[in-house]
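Taking it in order: structure first as structure tokens, then the write-up.
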Amino acid sequence: MMDILKQTRNYDNIKLLRARDYSYHQARKFNWFNIYLAVVPIIYSIISNITGFNLTQLIHLDKYISEKMSSVILSGLVYLLTLIISEKIKRLKEVSNYLREQYDCNVFNLPPNKYMSNLPGPEEIERYAKKQRDSELYPVWYGEKFTSDHLINTVVCQADNISYAAFLYKKLNRLLLIFSCALFLLIFIIIFVMNNLEEVFFDVLIPSFTIFSIIFKVTYKSTTIQREYQHLLNLIKEDAFTAAIDDIHLRMLQDKIFQTRLNDIITPIIIRKNLLRENNEYKEFFYKFKESICKGMIKQPQLPSEIPVYNLNFQDTYTMEDLHRPLLKMLKEVDKICKEKGLPYIMDGGTLLGSVRSQGFIPWDDDIDIGIKYGDRGNFYRILQECLSSDYSIECFEHDPYYSPVLPKFRIRLNQTEVIEKLPNASSNFQHKGLFIDVYTFDFALRSLWVDKLYRLLIMFPAYKLLTQLDILGKGKFKLYFLKKFYLHLESFYSKLPKNKEWISYSPSYLYRPLSPGPYYQSNKVFNGINELPFEDTHFQGPAEPHHILQQCYGDNYMLPNKTYVTILQHLKAVKL
């Protein structure tokens, strides 16, 4: 695995990013508080002029302080308070910058700058990291596509940092220019309408002083910082194309980026989000730059043996190949019992997609999906319970009250293994925690598909939402027994209603897309004439017309992989094999 990808997946480095984000988000909150505070004198001035309200009268100081002077004092106090809060913001931004510096040094294998002072200690980092919500993007902070040359990879990642900042401030400057022009135009109109310099001074200019000073400082700094980043970007382009970069250059570049970041401004989230979308000038520029530097040598992990998997200590000690072996063994055991006992089942979801697309596992798939008829669920459970060896356990709500009925009907678990799941309603109190096969149930749709959709949307969805949210809020610690029984009663009631046997879908307890009921399949293309489909070194049962199922489930382009980050698993955070 490429060194940068390995380092971004390192849990200690992820902790640094989480602590850095917490510090930055705190600075953002204080920054917004400063802005709201700066508006207070303006609001007071407006209310005072409209209603005649006088603060000095309220606090019985009107004998000593005139109405005009109260506006000046309030504006002065607010300005001083914003200066104090600005120091707090500055410190939080410094902490954020130090943490990012430490992270980049670890990831790029650069020597740390030992002359830096006021670095946050391990306890502060740990405290901040615990307060910040985890993000799936932390392990792939610099992506997954790299060359075999670490130096080139580092240059490209730093160019990404710099170009992102340069385009960010370019957009911010445009926004500030528009906002400043609009504000000055508004002030000019007010001056023209009021036509009284004393009133303008005390009722407009003094209350607006703090907000004007903030806008002026931000605009000036933003313009300066954009020039800095643009200059850095030009230099790194020039050095990269002339192959003039070595370890010393990278350390010097890191120092320059650190110094520039110290002056960074808290930018609006909407600008940041827009820049992270595809098809914008930043992405366009960076992709061209990356391609020209890397010259077609870019690689992304593709094979199961190249895709890392965390163990329970969040160290990369397994690969997807290690994970697929026991999963394949599990499916072979279930298939053998089903064929001996005449139990119909089909491969479903990612397992079916992998079978059709690549005759085996999708390289990044971390579980097995199969489907059975809703009417066969009791027989299926009883036979597997009797025939499976002690290496396996079957999980369902009826035998584990912590298991949620919004999940697949059953899970066949492999004992002696353990997983940490991503699902927020996956409980740490589950009786069984091993690798799993998801078993979904299919039932005929109601006589009218519109009524079926309404039943799922208006009856099942509110109960699904309530149950899921309570599970998440309680972190899976509560059984919620009666609510879960009521949810299953709604499914049982659905199964007894008049049916349209031309169409089949998942039982309504499992909502594949909660706000978009379905998918609906033509029933004669699912269980009528089950196929034997290739999967790895054997064949398993698939639907009569697998392409119909996959098209309804994944769309017309289901044969084209569309996963951006293959090292981010869909269901599992970590495993023990």
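The values are calculated or read from the model by the stated rules, or taken from the named source; none is laboratory data. No experiment lies behind these values; they were computed from the predicted model shown. Backbone-built Cβ (ideal geometry, glycine too); neighbour counts: all protein chains shown. These accessible areas exclude ligands, DNA and RNA; they are computed on the full protein's heavy atoms, side chains included. Shrake-Rupley method; radii C 1.70, N 1.55, O 1.52, S 1.80 Å.
List the strands (runs of 3 or more DSSP E) that sit entirely inside region 476-577 and contain at least 2 residues that are more than 24 Å from Arg456 (Cα to Cα), open to solvent by 80 Å² or more (accessible area, probe 1.4 Å) and not acidic (Asp, Glu).
Answer list for region 476-577: 572-576.
Only one entry of Glu291, Glu333, Glu284 meets the criterion of being among the acidic types (Asp, Glu) and within 30 Å of Tyr440 (Cα to Cα), and that entry is Glu333.
Going by the structure shown, is Pro498 of a type outside the set (Asp, Glu) and under 22 Å from Tyr310 (Cβ atoms)? For Pro498, the condition - of a type outside the set (Asp, Glu) and under 22 Å from Tyr310 (Cβ atoms) - is not met.
Restricting region 279-300 to residues that are assigned to a loop (DSSP other than H, G, I, E, B) and out of contact with any Asp or Glu (no Cβ under 6 Å at 6 or more places or on another chain) leaves a set whose member that is least open to solvent (accessible area, probe 1.4 Å) is Asn280. Taking first residues from region 217-228 that are basic (Lys, Arg) and partners that are open to solvent by 50 Å² or more (accessible area, probe 1.4 Å), the Cβ contacts under 9 Å between residues at least 6 apart in sequence or on separate chains come to Lys221/Asn263. Got at least one residue in region 154-165 being open to solvent by 30 Å² or more (accessible area, probe 1.4 Å), of a type outside the set (A, V, I, L, M) and more than 17 Å from Lys256 (Cβ to Cβ)? Checked region 154-165: no residue is open to solvent by 30 Å² or more (accessible area, probe 1.4 Å), of a type outside the set (A, V, I, L, M) and more than 17 Å from Lys256 (Cβ to Cβ). Within region 373-390, the only residue that satisfies the criterion of being assigned to a loop (DSSP other than H, G, I, E, B) and free of Cβ contacts under 8 Å to residues at least 40 places away in the same chain is Ser390. When region 458-504 is limited to residues that are among the hydroxyl-bearing types (Ser, Thr, Tyr) and within 24 Å of the chain's Cα centre (by Cα), the one that is nearest to Ser523 (Cα to Cα) turns out to be Tyr464. Kindly establish whether Asp438 is closer than 21 Å to Leu572 by Cβ and free of Cβ contacts under 8 Å to residues at least 60 places away in the same chain. It is false that Asp438 is closer than 21 Å to Leu572 by Cβ and free of Cβ contacts under 8 Å to residues at least 60 places away in the same chain.
Just one of the numbered conditions (1) closer than 15 Å to Asp335 by Cβ; (2) open to solvent by 10 Å² or more (accessible area, probe 1.4 Å) is not true of Ser393: (1).
Restricting attention to region 270-301 and to residues that are among the aliphatic types (A, V, I, L, M) and in contact (Cβ under 8 Å) with a residue 60 or more places away in the chain, the residue that is farthest from Leu5 (Cα to Cα) turns out to be Ile271.
Of all residues in region 226-272, those being out of contact with any Leu (no Cβ under 9 Å at 6 or more places or on another chain) and open to solvent by less than 70 Å² (accessible area, probe 1.4 Å) number 11. For the residues Leu435, Leu458, the requirement of being assigned by the TED database to the domain that holds Glu398 and aliphatic (A, V, I, L, M) singles out Leu435.
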